[in-house]
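Just below is one structure, and these are the notes that go with it.
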Amino acid sequence: MSDDGLLGLVRTATPNVVRRSFALKFFIALLCIGLLVGSVGALGTQQMTAEFEQQVLDEHATTAKQEADSLANWNRQNSRFAETMARSQPVRAGNVSAMQRRFDREMRERNFDADDQPNLHYVDTGTGVVAASTKSNYRGESVDILNETVQSALDTGSATVITDAYTDTPTLESPQPRIAYVTPVGPSTDAVVVYTVPLQMRTGTLSGTGTSTSMVVGGDNQVLFHELNNDLLRTPYGEDNGAPAAARESGPADPGALRAGPAHGALNGTASMAGQEYVVGYAQVLDTDWVVLVHTDIETAYGTVRSVANRGLVATALGIAAIGAIGAVLGRNTANALSRLTKKTEAMQRGDLDVEIRSGRVDTVGRLHDGFAAMRDSLQDRIDEAERERKRAEVSREEVIETNAYLQETAATYSEVMERAAAGDLTQRMATDGEHDAMDAIAGDFNEMITELEKTTGQLKRFAEQVEESGTVVGSSAASVKDAAEQVAESVQTISDDAHVQRENLQRATESVDAAVAALDDGDVAAARDELDSVAGTLTEVADATEHTMAEAENVAGAAEEQAAELNEVSRRADELVRYVRPLHDVLDRFETESEHQFVFTGGPSLGEGERDD
């Protein structure tokens with residue numbers, strides 16, 4: 001499963017009330033950490049306790065093994081001593097007096113205490129008599145004076161025999177628990193040397209852990225040696241802990257230890273062990289069925305580790321408490337800081353950008369506050385910039401509205417001027433105020449155009465008047481200038497056609513001006529200017545037509561001058577000229593002009609006989 005899938009599963013399984021609360025999530029995380037620390041501490045303490053307990057068991061097994069090795073050496077030393085005595089010259093020679101002196105000297109040299117002094121006996125098994133002995137009351141006595149355990153070991157064969165523990169005959173003055181080392185003197189005789197050793201010789205010499213109680217039990221599980229108490233010798237061990245059996249089963253090379261109790265039997269007679277559980281280490285003594293047992297009560301054996309374990313548990317508990325306290329403080333501070341930051345961000349979301357976002361922390365939460373503060377400042381700057389842009393847009397909009405209003409007003413004024421000009425008032429001019437270059441350019445172009453048109457129209461009016469006057473004059477003498485009149489008539493017809501063309505051109509100019517006004521009404525200044533350019537072109541055509549008309553008029557004047565002699569014919573043609581010129585005059589008279597333009601008629605030959613106008 002991917003991380004996203006696992007996280008998604010966790011989110012799905014987590015209640016919403018937990019997901020929405022940082023403090024609750026932090027508390028749960030802190031609880032998990034505490035449980036983890038507690039578990040690790042408990043497991044660590046348990047493992048440490050188990051390791052220490054095993055170490056205690058190993059130490060007891062090692063101590064028991066050391067004591068078993070020490071007893072094995074002690075047995076070997078005693079066996080060698082007995083064998084040395086059996087091989088000594090007096091014993092081999094069978095010289096009783098000499099061997100008695102040797103036995104006494106050996107005991108004196110070993111400097112034993114009187115209470116626990118070992119004894120040497122020379123027993124003639126053939127006669128059944130104790131021939132020599134360090135105990136004077138044994139000399140010359142029957143072997144029956146010896147303990148039954150010793151008597152059963154007299155037939156040793158060729159090897160030294162270590163007897164079981166026994167107690168001297170009660171008839172003796174100081175009966176003591178002992179063991180005996182029985183060694184044959186040699187194959188040539190039936191005698192043996194018996195070396196008896198009090199068990200209490202080892203009492204007080206058994207080693208331990210300093211707080212332990214050590215003892216040695218024999219094959220019958222009776223106490224052979226005790227670390228402190230001689231009164232427990234030859235008493236039943238009485239413990240059903242399996243240690244002696246385990247030691248004999250594993251053998252001398254494999255010591256061990258176990259936990260047992262409560263103590264009873266011989267162990268219960270030791271004050272430090274009475275009724276308590278204990279640890280016992282065991283080891284079998286080499287070449288015997290003896291078992292060394294080293295005991296320590298549980299409180300002493302495990303007291304250190306239990307103290308350490310308890311301190312570990314206390315430390316774990318204190319660690320959990322510290323984690324809880326620190327986590328609670330940090331979590332509370334962090335949760336409060338995040339809660340305050342959340343409220344401030346909600347205030348920002350509602351539009352309150354004046355909220356103060358500040359934290360004295362330098363950690364991630366502090367940087368988060370700084371980030372939100374920077375975001376708030378940036379947002380405020382952007383809002384201020386947007387407000388400034390909005391205000392500038394409003395100002396621009398107002399300027400556009402004012403400009404549109406100005407353009408509409410100016411266009412309306414220009415339209416009125418154009419309408420009056422189109423109606424024939426060529427004295428109209430468009431005013432310029434320097435407010436708008438394009439409108440001023442339109443006005444300048446229009447004024448220039450209308451000025452040219454006014455001039456042209458004035459010339460045409462003047463020409464019409466002069467033609468009318470000339471027609472009257474010619475009419476009075478037209479009888480004699482028939483050909484000139486006919487020529488004039490043709491020229492006048494041409495002029496009439498040109499005037500008609502000029503009228504159409506002027507009509508187109510008027511329509512173009514209207515289109516320009518409409519474009520100005522729509523705010524399309526470029527289109528209006530194009531229309532006015534079209535008007536200028538039309539007026540240029542009118543001017544060209546006018547020049548052509550003037551040329552034709554000059555031709556008329558020349559013809560009239562050349563045919564001056566033919567006045568009768570001219571009179572008739574003049575009547576017709578007046579009839580054709582008057583409508584042109586009426587049309588041109590619709591245009592009002594302030595400028596007067598002289599039109600000069602040049603003389604020419606009299607009108608000849610020409611064609612009459614149909």
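Laboratory data are not the source of any read-out in this text; all were calculated from the coordinates shown. Keep in mind that this is a model prediction, so the values were computed, not measured. Glycine gets a Cβ as well: all are built from the backbone with ideal geometry, and neighbour counts include every protein chain shown.
Check Met430: other-chain or 5+ apart residues with amide H under 5 Å from its amide H, H built from backbone geometry?
Asn447
Using a 10 Å cut-off on Cβ atoms, rank the peptides 178-186, 130-138 from the highest mean neighbour count down. Could you put the intermediate results ahead of the total?
Values: 178-186: 23.2, 130-138: 18.8.
Descending mean neighbour count gives 178-186, 130-138.
Output the peptides 402-414, 429-441, 381-393 sorted from most to least packed, where packing is the average of other Cβ atoms within 10 Å over each peptide's residues. Walk me through the numbers before you get to the answer.
On the way: 402-414: 15.6, 429-441: 14.1, 381-393: 10.2.
Final packing ranking: 402-414, 429-441, 381-393.
Whole-Hz Karplus ³J(HN,Hα) for region 286-298, in order, using 6.51 cos²θ - 1.76 cosθ + 1.60 and θ = phi - 60°, x for Gly and Pro?
4, 6, 9, 9, 6, 10, 8, 10, 10, 10, 9, 5, 4
So who's got an amide H within less than 5 Å of the one on Asp168, skipping anything under 5 residues away but keeping other chains? H placed 1.01 Å off N, in plane.
Those qualifying (amide H under 5 Å, at least 5 residues apart or on another chain) are Gln176, Arg178.
Sum up the charges of everything whose Cβ sits under 11 Å from the Cβ of Arg392, counting Lys and Arg as +1 and Asp and Glu as -1, but leave Arg392 out.
Values: positive: Arg388, Arg390, Lys391, Arg397; negative: Glu385, Glu387, Glu389, Glu394, Glu398, Glu399.
My count for the surroundings of Arg392 gives -2.
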